Amino acid sequence: MFTNKAKEHADACRFCWMCRHICPVALVTGLEGNTPRGKGLLVSMDSRGIPMTEDTAEVMYQCALCGACTNDCATAYDPRIFTREARSEAVVNGIVPAYVQKVIDRAMDGTLYPKNETLSRTVEALPEKADVLLFFGESGWAEGKSALALMDILKKAGVSFTVLKNEPSCGAVLGDLISYVGEVKTAAETCFAAMAASGAKEAVFLDPFCLSFIRHQCAEWDILPDMELLTATAYCAELIRSGKLIPETIGLDATFHDPCHLSRDLDETGAAREILAALGIRLKEMFLHGRMSKCCGGPVMRETNPQITRKMAAAIWYDAAFVGAETMITACPGCSRILGESVPEGCRQEDLFVLLAAACR
């Protein structure tokens, strides 16, 4: 059964067209069901006696949960609320599409993303405890290069740090797949216990997706870790400000893709640009940037609907070309993987942490 909160938001959205122009999934698929309004109609039908089907459930998984609609809503409604609950309803009622169920099963047993072997070997040499804990998240462990670069940056800044060698999932990925149910809360609590065992006073998150989940949903559950929580971009920007890092300028023309969880959910857009300025990068801003940034699909949608994430990535590369940028810089391992898989001929994708590590001696 949908909660009254989900029904309220669905009923508010089902007759409204005001955010359809900003939904990145609807823009690339052209399907009305992929708009927030379309999903609101389907949820409202269920609450009025027309139950969800597997086709309905499939539509609910054609959403990146990126929050573009919520950010654009003048009346503060949030389509993500009823979309998440619809996914939970689909799981409970056994109508999840088979290809999505396979992804859920992999997420439940911790095999959704294979870990980068070079990263795993490097982490083994780190101490068990330190004042600073780096948290990579599933995408960070799979993508590898961003995490390796971040560790290199901290070493060059003289920061003593550690990484959880068997880093448990914080619950963010599973939460997108089955909503914020008991299993997801348990995953978060297990993760926070492991973080506490590191003895760290600060946790630096490479993947803003993880920190967004913790700052919002885990705060609602009142189970936040007992340490300061920082994004990797904000932490590195402070290292530069304090003089612990002095990067050489690299003189590059580029555009920057704002990760949606970083810019919208965490309301952080300035730190990455501070780093870019310190690197001497001449920024060509895409029309939709900052809190209005287009989502590339995210790690969950990359696994459930890769054909859609490829189209979403292509749309972002088109926007980069429109402002004359051949190089796109990312600051999120999930974005780095997706955008890096769709680089047009003559263009290149760079990772902000890789650039910073190379510029610091």
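The values are calculated or read from the model by the stated rules, or taken from the named source; none is laboratory data. Not measured: the values here are computed from a predicted model. Quick note on the areas: whole protein, heavy atoms, side chains included, nothing else; ligands and nucleic acids left out. Shrake-Rupley method; radii C 1.70, N 1.55, O 1.52, S 1.80 Å.
Accessible area per residue for the chain is 41 Å², calculated with a 1.4 Å probe on protein heavy atoms, without ligands, DNA or RNA.
Net length available on complete extension from Lys129 to Arg48 is 23.7 nm, with 0.36 nm assigned per residue and the Cα-Cα distance removed.
Within the full protein context, the accessible area of Leu164 is estimated at about 30 Å² for a probe radius of 1.4 Å. In the elastic network of the chain, a GNM with C-alpha springs shorter than 10 Å, the most mobile of Ala203, Ala107, Ala74 is Ala74. Can you give the translational diffusion coefficient of the stretch 1-90 in µm²/s, computed by Stokes-Einstein from the Kirkwood radius over Cα pairs at 20 °C and 1.002 mPa s? Taking Rh from Cα pairs, D becomes 170 µm²/s. Rounded to the nearest 10 degrees, the inclination of helix 145-156 to the longest alpha-carbon principal axis of the chain is 40 degrees.
Ellipticity at 222 nm from helices only: DSSP H runs of n ≥ 4 in the chain, each -39500 (n - 2.57), divided by the residue count, give -14500 deg cm²/dmol. If the Kirkwood radius is taken over C-alpha pairs of the stretch 279-339, then at 10 °C and 1.306 mPa s the Stokes-Einstein diffusion coefficient equals 130 µm²/s. Using a Gaussian network model on the chain with a 10 Å cutoff between Cα atoms, which of Gly137, Gly33, Gly94 fluctuates the most? Its mean-square fluctuation being the largest, the pick is Gly94.
Would you mind telling me which residue in Gly297, Gly199, Gly182 has the biggest mean-square fluctuation in a Gaussian network model of the chain, where springs connect alpha carbons within a distance under 10 angstrom? Residue with maximal mean-square fluctuation among Gly297, Gly199, Gly182: Gly182. May I ask which of Lys39/Lys294; Lys165/Lys244; Lys185/Lys244 have a Cα-Cα span longer than 30 Å here? Flagged as over cut-off: Lys185/Lys244.
Classify the stretch 211-315 from the C-alpha gyration tensor, please: rounded if a/c falls under 1.5, else prolate or oblate depending on whether a/b exceeds b/c. Oblate. For the Cα atoms of the chain, what angle does the longest principal axis make with the long axis of helix 4-13, in degrees from 0 to 90, nearest 10? Helix 4-13 and the main axis of the chain meet at about 90 degrees. Structural size metrics of the chain, computed from C-alpha coordinates, are Rg and Dmax of 20.1, 65 Å.
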